[in-house]
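One structure below.
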Amino acid sequence: MKAIRVHEFGGPEVLRLEEVPDPRPTAGQVVVRIRAAGVNPVETYVRAGAYARLPNLPYTPGSDGGGTIESVGPSVSRFKAGDRVYVGGSLTGTYAEFALCDERTVFSLPAVASFAQGAAMHVPYATAFRALFDRARARGGESVLIHGASGGVGIAAVQLARAAGLYVVGTAGSDRGRKLVADEGAHKVLDHTLPGHFDEALAASGSRGYDVIIEMLSNVNLGRDLPLLAPKGRVVCVGSRGSVEINPRDTMGRDASILGMSLLNASLDELASIHAALGAGLENKSLRPIIGQQVPLAEAPRAHSAIMEAGAYGKIVLVP
């Protein structure tokens, strides 16, 4: 099979299309024929060698994918060959024609969803769900500010928050992105390239502040997020590219909380619960992954460059 392989950490150019042996399942494993593989910012950090957990070299990137069951190992009872599925973790990487997976990290893909949408489910939607509901404990009637709301995680957070009855304010850096965020249900959309958008965000909360802030770029925004929190507000750090200076007094008077999160910390039981909710949302169409770009597998370096550019719009997927 063809797969992207990384033999050394570095820039996008280290992503190389190669021929590798087809994977074969053993007990409790399945092989998924990948029709679309999700591309996520975390994979660029790993590829560059700038992440806390690094794989042994060489490796194939990717944990997200949509496709069909190609074969199953002994004792697998949940799936059979031909079943439509999406992948929430892979033993061999999803930037490939086939991926070997533990059956517990594979989930049924409803007929109403495309393979590309399936490839958008795990990292973006599970991250947004865990940030909103497992970490921030968001509840209907609360308010949420979502920074970078036009990207994969951001759109997922907008849809999930609206479905749960929250008041949603999102930010985006392009006209196209802001229209997308509005179309997906945000009550108010702000331009985060403008210097006054934090003041606008506070005004959009009725000057009360936000119960929850979902922060995709903590090293830039966290210090200015804290004064936007309502009493007992929570900011969840989903992404960061460096350090940041904050004033602890901005948390003290509000009894506010700064919460870190990584999807890697979720147990298999937690992931099963998250994906049960996400699968139901896909089926009833309250969750609608937006695909911004479909890029040929051989052009994975271009996808890695694109996902780090400003003006995010939906999900980027690779197509074998």
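The values are calculated or read from the model by the stated rules, or taken from the named source; none is laboratory data. Everything numeric here is computed off the predicted structure, so don't read it as measured data. Virtual Cβ from ideal backbone geometry, glycine too; neighbours counted across all protein chains shown.
Below is a table of values for the structure above.
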read-out	value
Residue count, region 250-259 (criterion: touching a Ser or Thr at 6+ places or on another chain (Cβ under 9 Å) and either among the charged types (D, E, K, R) or farther than 12 Å from Leu226 by Cβ (or both))	0
Residue that is assigned to a helix (DSSP H, G or I) and more than 17 Å from Val123 (Cα to Cα), where the choices are Ser305, Ser286, Ser243	Ser305
Residue selected from region 155-192 under the condition out of contact with any His (no Cβ under 6 Å at 6 or more places or on another chain) and of a type in the set (S, T, N, Q), by the criterion modelled with the lowest pLDDT	Ser174
Any hit, region 189-207, residues being under 23 Å from Leu278 (Cβ atoms) and either of a type in the set (Gly, Ala, Ser) or within 21 Å of the chain's Cα centre (by Cα) (or both)	no
Test: Ser150 is crowded, with 24+ Cβ neighbours inside 10 Å and touching a strand residue (DSSP E or B) at 6+ places or on another chain (Cβ under 8 Å)	yes
Residues within region 89-110 that are touching a helix residue (DSSP H, G or I) at 6+ places or on another chain (Cβ under 9 Å), modelled with pLDDT of 95 or more and among the small types (Gly, Ala, Ser), tallied	3
In region 41-62, the residues that are in a loop (DSSP other than H, G, I, E, B) and surrounded by fewer than 24 Cβ atoms within 10 Å (Cβ to Cβ)	Ala48, Gly49, Ala50, Tyr51, Ala52, Arg53, Leu54, Pro55, Asn56, Leu57, Pro58, Thr60
Of the criteria (1) part of a loop (DSSP other than H, G, I, E, B); (2) in the same structural domain as Gly66 (by TED's automatic domain parsing); (3) among the small types (Gly, Ala, Ser); (4) surrounded by fewer than 16 Cβ atoms within 10 Å (Cβ to Cβ), which one Ala298 fails	(1)
The listed residue being within 26 Å of Ala312 (Cβ to Cβ), among the polar types (S, T, N, Q) and in contact (Cβ under 8 Å) with a residue 24 or more places away in the chain, out of Thr92, Thr68, Thr26, Thr44	Thr44
Residues located in region 148-184, provided they are touching a residue at least 40 places away in the same chain (Cβ under 8 Å), in contact with a Gly (Cβ under 8 Å, 6 or more places away or on another chain) and not hydrophobic (A, V, I, L, M, F, W, C)	Gly148, Ser150, Gly151, Gly152, Gly154, Gln159, Gly173, Ser174, Arg176, Gly177
Counted residues, region 257-291 - those being surrounded by 14 or more Cβ atoms within 10 Å (Cβ to Cβ) and either within 14 Å of the chain's Cα centre (by Cα) or in contact (Cβ under 8 Å) with a residue 60 or more places away in the chain (or both)	21
Subset tally (residues that are surrounded by 15 or more Cβ atoms within 10 Å (Cβ to Cβ), in a loop (DSSP other than H, G, I, E, B) and hydroxyl-bearing (Ser, Thr, Tyr)) for region 165-208	2
Options Asp250, Asp225, Asp211, Asp255: the member that is outside the structural domain of Tyr45 (by TED's automatic domain parsing), over 23 Å from Gly165 (Cβ atoms), outside any loop (DSSP other than H, G, I, E, B) and not aliphatic (A, V, I, L, M)	Asp250
Residue match in region 101-124 (condition: under 17 Å from Val212 (Cα atoms) and over 19 Å from the mean Cα position of the chain (by Cα))	no
Per-region count, region 225-245, residues over 19 Å from Val153 (Cα atoms) and at pLDDT 95 or above	8
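For every residue, the table says whether it meets (1) basic (Lys, Arg); (2) within 21 Å of His304 (Cα to Cα).
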| residue | (1), (2) |
| --- | --- |
| Ala27 | no, no |
| Gly38 | no, yes |
| Ala52 | no, yes |
| Asp64 | no, yes |
| Arg84 | yes, no |
| Leu100 | no, no |
| Glu103 | no, no |
| Val112 | no, no |
